[in-house]
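A quick write-up on the structure given underneath.
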Amino acid sequence: MTDTQARRYRREDVVAFRRTGETFGGLSNMAPGYPVMIGDRRVATVEALYQACRFPHLPDVQEMILAQGSPMTAKMRAKPFRSRSRGDWDDARVPIMKWCLRAKLAWNWRRFGALLEETGTRAIVEDSRRDPFWGAVPQEDGTLEGRNVLGRLLMQLREHYRDDPDSLRSVKPLRLPDFMLLEMPIGIVGPVGKARGEWDRAEAGALL
């Protein structure tokens with residue numbers, strides 16, 4: 001995503017999300033119930049995965065982040081180490097976020113896919129109190145203004161899911177140096193072959 005200019009949104013025209021308990025709260029990186037597997041490691045939320053990706057050179061910090069019981073705690077435990085994020089973080093953070101969202105879909109195909117479908121054709125906006133980069137901030141006139149990079153990545157994913165869903169069933173690793181988790185290179189993510197069928201049945205059962 002190269003166009004990250006600020007945009008203004010009318011709340012009544014968009015799907016906005018902030019709290020995870022809201023109708024579209026599952027779009028949030030903080031939403032529970034959307035685990036992913038990276039290799040043989042279960043990661044509870046996309047937020048924990050994203051934060052861990054800051055520190056491929058600090059596996060102990062990654063482990064600390066992944067071990068937290070809540071996504072907000074994972075984010076807060078990462079905060080003191082932000083000055084030691086991977087050197088290309090400013091350039092890598094958007095591709096990494098896009099990869100994280102694809103991993104979320106690959107491992108939560110029915111549930112997350114259905115949620116994306118429910119947004120229809122409306123713009124998706126993260127309603128944020130103070131982050132105009134990933135989200136959009138409420139203005140005095142009731143609009144939301146910001147770059148809304150997370151919302152726009154979700155809209156891209158929604159269109160890709162509708163146009164070519166099979167290509168999203170697994171996620172290739174990013175072509176970034178040291179794209180690693182816990183000292184291991186990150187490979188293809190997503191259930192494949194027999195494991196895909198088993199995971200799909202388990203996910204369907206959890207939704208009944």
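Give the residue, chosen from Ser28, Ser70, that is buried (at least 19 other Cβ atoms within 10 Å of the Cβ) and among the polar types (S, T, N, Q).
Matching residue, one of Ser28, Ser70: Ser28.
Within the range 114-136, being surrounded by fewer than 17 Cβ atoms within 10 Å (Cβ to Cβ) and either among the charged types (D, E, K, R) or not in a loop (DSSP other than H, G, I, E, B) (or both) holds for Ala114, Glu117, Glu118, Arg122, Arg129, Arg130, Asp131. Starting from the range 170-193, take each residue that is among the hydroxyl-bearing types (Ser, Thr, Tyr) and list its partners that are in a strand (DSSP E or B), counting only C-beta distances under 8 angstrom and pairs at least six apart or across chains. As it stands, the answer is Ser170/Val189, since those pairs meet every condition given.
The set of residues in the range 137-181 that are small (Gly, Ala, Ser) and part of a helix (DSSP H, G or I) comprises Gly151, Ser167. Residues in the range 15-25 that are open to solvent by 10 Å² or more (accessible area, probe 1.4 Å) and either more than 12 Å from Ser128 (Cβ to Cβ) or in contact (Cβ under 8 Å) with a residue 24 or more places away in the chain (or both): Ala16, Arg18, Thr20, Gly21, Glu22, Thr23, Phe24.
Note on the range 25-94: enclosed helices (runs of 4 or more DSSP H) holding 1 or more residues that are within 14 Å of the chain's Cα centre (by Cα) and modelled with pLDDT of 95 or more are 46-52, 71-78. Look at the range 89-106: where a residue is open to solvent by 10 Å² or more (accessible area, probe 1.4 Å) and a partner is basic (Lys, Arg), sitting 6+ places away or on another chain with Cβ atoms under 8 Å, you get Trp89/Arg54. Residue-level check: of (1) closer than 15 Å to Ala6 by Cβ; (2) surrounded by fewer than 15 Cβ atoms within 10 Å (Cβ to Cβ), Val192 misses just (1).
The values are calculated or read from the model by the stated rules, or taken from the named source; none is laboratory data. What you are looking at is a predicted structure, and each value in this text was computed from that prediction instead of being measured. Using ideal geometry, Cβ is built from the backbone for each residue, glycine included, and neighbour counts are taken over all protein chains shown. Calculation scope for accessible area: heavy atoms of the full protein, side chains included, ligands and nucleic acids excluded. Shrake-Rupley method; radii C 1.70, N 1.55, O 1.52, S 1.80 Å.
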